[in-house]
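Trainee: Sharing a structure with you now.
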Amino acid sequence: MTRIVITGANRGIGLEFVKQYAQEGAEIYALCRSPEEAAELKSIQGDIHIHKVDVTHESECQRFADELDEKSIDILINNAGVYGGDKQSLSNLDFDKFHATLETNLFGPLYMTTALYKNVKDSDNGKIITISSKMGSIGDSSGGMAIYRTSKTAINMAMHALASEAANDNVVFLNLHPGWVQTDMGGEQAPTTPPESVEGLRKVIAKANMTDSGHFYDFQGNELPW
Ligand SMILES: NC(=O)c1ccc[n+]([C@@H]2O[C@H](COP(=O)([O-])OP(=O)(O)OC[C@H]3O[C@@H](n4cnc5c(N)ncnc54)[C@H](OP(=O)(O)O)[C@@H]3O)[C@@H](O)[C@H]2O)c1
């Protein structure tokens, strides 16, 4: 049975990952900041274990790793993310939000990845997935939204750098763009629904092997420029 950890699992893309992997029969560790408020997550049928983890707290990531103990993890999905607010321009840049966004979108996935690395390495086919964004691509950037873009560019580089170190451990690192998706973050006008996005992401994750490690793909499997 595949054992999967998903951060930010209570709504949006993370919640959809839980629904689809639960239907596949996976054992799922669904992490969220406020389990007591996660009614939809709690209503999903399957082998689902809900844990309270705020990814900006390194100690909470480590405590969760301690709770897992020696269990191997086949797929870690670093999904939790924030957009960084509406003050992201040259004339109006909110530095407090900038710091907070880096805590969530850059350090959060790194806290989780380092805390769970041994568990992923212990899987025969371990994969560390980071839900990034095409908005972090410098080669494909129309500009604006400097806070959000910078956070995603930074995590792309961090995971790319760690991927080469992980080659000897047979751990695949992937940075994935989910599309522009109808969630609280993406808004109602987004062209892609969460089920469509996650179906595509699951296919990309399932077929990824060591030759893909350190690469950046969208939910349809297209490679993206850094
Ligand atoms: N939607 C899009 O169009 C789009 C496009 C490109 C990339 N993405 C990326 O896809 C990922 C998921 O986005 P989404 O669209 O599903 O967004 P969303 O609907 O706003 O959901 C964000 C999730 O992240 C969680 N989260 C935020 N900060 C957290 C923290 N410190 N610790 C733990 N969980 C935290 C939220 O939990 P709470 O309920 O507790 O706030 C929520 O579960 C993000 O990384 C985002 O950048 C989305």
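Trainee: Looking at E165, E196 in this structure, which one is in a helix (DSSP H, G or I), under 18 Å from Q20 (Cβ atoms) and either among the basic types (K, R) or more than 10 Å from the ligand (Cβ to nearest atom) (or both)?
Mentor: E196
Trainee: Still on this model: In region 169-193, how many are part of a loop (DSSP other than H, G, I, E, B), more than 10 Å from the ligand (Cβ to nearest atom) and either crowded, with 21+ Cβ neighbours inside 10 Å or basic (K, R) (or both)?
Mentor: Of the residues in that region, 1 qualify.
Trainee: Any chance region 105-122 includes a residue that's modelled with pLDDT of 95 or more and over 19 Å from the mean Cα position of the chain (by Cα)?
Mentor: Step one: list which residues in region 105-122 are modelled with pLDDT of 95 or more, which gives 105-122.
Still in the running and over 19 Å from the mean Cα position of the chain (by Cα): 122.
Yes; the residues of region 105-122 include at least one that is modelled with pLDDT of 95 or more and over 19 Å from the mean Cα position of the chain (by Cα).
Trainee: Right, next: State the number of residues belonging to region 72-111 that are away from the ligand (no atom under 16 Å from the Cβ) and within 15 Å of I6 (Cβ to Cβ).
Mentor: We begin by selecting, within region 72-111, every residue away from the ligand (no atom under 16 Å from the Cβ); these are 72-74, 87, 89-95.
Filter once more, so that each one left must be within 15 Å of I6 (Cβ to Cβ): 73-74.
Looking only at that region, the number is 2.
Trainee: Go through region 6-40 and count every residue that is within 9 Å of the ligand (Cβ to nearest atom), among the hydrophobic types (A, V, I, L, M, F, W, C) and under 18 Å from the mean Cα position of the chain (by Cα).
Mentor: Adding up the residues that qualify gives 5.
Trainee: Limited to region 1-36, what total is found for residues that are part of a helix (DSSP H, G or I) and within 21 Å of E196 (Cα to Cα)?
Mentor: 13
Trainee: A follow-up question, please. Every residue in region 187-224 that is small (G, A, S) and in contact (Cβ under 8 Å) with a residue 24 or more places away in the chain, please. Give the steps one after another, and end with the answer.
Mentor: To start, the set of residues in region 187-224 that are small (G, A, S) comprises 187, 190, 197, 200, 206, 208, 213-214, 221.
Within region 187-224, S197, A208, S213, G214 qualify.
The values are calculated or read from the model by the stated rules, or taken from the named source; none is laboratory data. Bear in mind that the values here come from a model prediction, so they are computed numbers and not experimental data. Cβ atoms come from the backbone with ideal geometry, glycine included; neighbour counts cover every protein chain shown.
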